[in-house]
Amino acid sequence: MGKLIVVGIGPGDWEDMTVRADRALRSCDVIVGYHVYVDLVRDRYPDKEFLTTGMTRETDRCRMALEAAREGKTVAMVCSGDSGIYGMAGLIYELRGEAAEPEVEVIPGLTAACSGGALLGAPLTHDFAVISLSDRLTPWETIERRLSAAASADLSIVLYNPASHGRPDHLRRACDILLETLPPQRLCGVARNIRRAGESAQVMPLGELRDFPADMFCTVFIGNSQTRTIGELLVTPRGYRDV
């Protein structure tokens, strides 16, 4: 029986991959994943067997990875960002069920909240919430409740999956919900193509974010009531009293 390693590869640049992730990809026989994520590592590990699927085929590629491991191979399932935060680790465990084999190891990676936050400055220095705007697996009504609760709690908020061709208005709808609690001048930021070609970062008020042309390569940050700009950077204070 082989082994399945679920690997968070970070935002896509090798310099932001952990040593453990690189070691796993160098030692494995097969690399499995969404074709966009596999292409991020393909050139660095050219001697591997590659198995890919398209978008929305998460279950298929997890089953593919488990089957390859059951054949005795060491398999790496690559996930953009972290392997557990919107990654495949949970689904791998669900599909394996109560079985003890194949062995599964989870290797964490740098999620977009961290890498995008660093690009914008330091917007997450205090408590924050991460919410995906994709309603493919989560009802929109649930997403609305989570947005309202995070805004009411004065948390900084990170929005994953803010828009796509199939849901171009989700960021606008999310901003409308947030604006029921937050002022339109609340500072926000957008990180796009983090650590990839075309990388960019923009800071703007919430009222302006509502009409921002976001896409699936964007990660959106909404500051809390203490967030401010220092130069062109978005910064949230630590929030602890001086002693």
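The values are calculated or read from the model by the stated rules, or taken from the named source; none is laboratory data. Not measured: the values here are computed from a predicted model. Heads up, the Cβs are rebuilt from the backbone with ideal geometry, glycines too, and the neighbour counts pull from every protein chain shown. With ligands, DNA and RNA removed, areas are computed over all heavy atoms of the protein, side chains included. Shrake-Rupley method; radii C 1.70, N 1.55, O 1.52, S 1.80 Å.
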*What single numbered condition from (1) in contact with a Lys or Arg (Cβ under 9 Å, 6 or more places away or on another chain); (2) at negative phi fails to hold for Ser83?*
(1)
*surrounded by fewer than 18 Cβ atoms within 10 Å (Cβ to Cβ), within 15 Å of Asp211 (Cα to Cα) and touching a residue at least 24 places away in the same chain (Cβ under 8 Å): does that describe Arg136?*
no
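Rundown of residues vs (1) in a loop (DSSP other than H, G, I, E, B); (2) within 23 Å of Glu15 (Cα to Cα); (3) in contact (Cβ under 8 Å) with a residue 40 or more places away in the chain; (4) open to solvent by 90 Å² or more (accessible area, probe 1.4 Å), yes/no style:
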| position | (1), (2), (3), (4) |
| --- | --- |
| Ile194 | yes, yes, yes, no |
| Ala201 | no, yes, yes, no |
| Gly207 | no, no, no, no |
| Asp211 | yes, no, no, yes |
| Ala214 | yes, no, yes, no |
| Thr219 | no, yes, yes, no |
| Ser225 | yes, no, yes, no |
| Gly239 | yes, no, yes, no |
*Since Glu58 meets every condition but one in (1) farther than 23 Å from Ser115 by Cα; (2) out of contact with any helix residue (DSSP H, G or I) (no Cβ under 8 Å at 6 or more places or on another chain); (3) in contact (Cβ under 8 Å) with a residue 24 or more places away in the chain, which condition does it not meet?*
(2)
*asked:* When the residues of the range 81-99 are narrowed to those that are over 18 Å from Ile194 (Cβ atoms) and under 16 Å from the mean Cα position of the chain (by Cα), which ends up least open to solvent (accessible area, probe 1.4 Å)?
replied: Ala89
